[in-house]
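The values are calculated or read from the model by the stated rules, or taken from the named source; none is laboratory data. These numbers were taken from a predicted model, which means no experiment stands behind them. Here Cβ is always computed from backbone atoms with ideal geometry, including for glycine, and neighbour counts include all displayed protein chains.
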Amino acid sequence: MIDSVYLADDAATIQFGARLAEAVGSQGAVIFLHGNLGMGKTTLCRGVMQALGHQGAVKSPTYTLVEPYEFPGFIVYHFDLYRLSDPEELEYLGIRDYFSEQALCLIEWPEKGQGWLPAADLELNLSEKLPGRCIKWSKNTQKGCMIADRIVNEFNG
């Protein structure tokens, strides 16, 4: 079973994000995005938003911690916890209110929120593999397995 894919450039990362959006559908999920600075986590999120029909810019929510993107009957929350100094800050953000069956939560730097975040359905680890990057995934729930299987089917189809 495939559990990783090589992405040659930003365009391929955006395309992977689009496939991720298609695989999730409107069921909602919690997806952790791991990787060093500059590995393409926000680029992947941009692909998700564009595939869902978002026309505007998709920027990293480094300073705001979360950016909501609303779609008919569905919402995506893009978190970037890089600047979080204490995971307890998430309590003041009202973190529990963001997670529902109608929400896709994409969380960059989830380790910074350890103890305050729900378990991820799927974890994506982005790493450098010159000249591009590699995305490896871990399926943590039945929903995560379904999403990953749909992504694999997209790449095999």
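The one condition from (1) on the phi > 0 side of the Ramachandran plot; (2) surrounded by fewer than 19 Cβ atoms within 10 Å (Cβ to Cβ); (3) touching a residue at least 12 places away in the same chain (Cβ under 8 Å) that residue 100 does not meet is (1).
Scanning for something within 19 Å of residue 139 (Cβ to Cβ) and buried (at least 17 other Cβ atoms within 10 Å of the Cβ), does region 50-60 turn up at least one residue? Among the residues of region 50-60, not one is within 19 Å of residue 139 (Cβ to Cβ) and buried (at least 17 other Cβ atoms within 10 Å of the Cβ), which makes the answer no.
Residue check: residue 37 meets all listed conditions (1) assigned to a helix (DSSP H, G or I); (2) within 19 Å of residue 111 (Cα to Cα) but one, namely (1). Filtered by the rule that a residue be touching a Gly at 6+ places or on another chain (Cβ under 8 Å) and assigned to a strand (DSSP E or B), region 1-30 gives 6, 7, 29. All conditions in (1) within 25 Å of residue 129 (Cβ to Cβ); (2) part of a loop (DSSP other than H, G, I, E, B); (3) without any contact (Cβ under 8 Å) to a residue 60 or more places away in the chain hold for residue 59, with the sole exception of (1). Within region 68-76, identify whether any single residue is closer than 19 Å to residue 34 by Cβ, modelled with pLDDT of 90 or more and either touching a helix residue (DSSP H, G or I) at 6+ places or on another chain (Cβ under 6 Å) or crowded, with 18+ Cβ neighbours inside 10 Å (or both), and answer yes or no. Within region 68-76 (the criterion being closer than 19 Å to residue 34 by Cβ, modelled with pLDDT of 90 or more and either touching a helix residue (DSSP H, G or I) at 6+ places or on another chain (Cβ under 6 Å) or crowded, with 18+ Cβ neighbours inside 10 Å (or both)), the answer is yes, since at least one residue qualifies.
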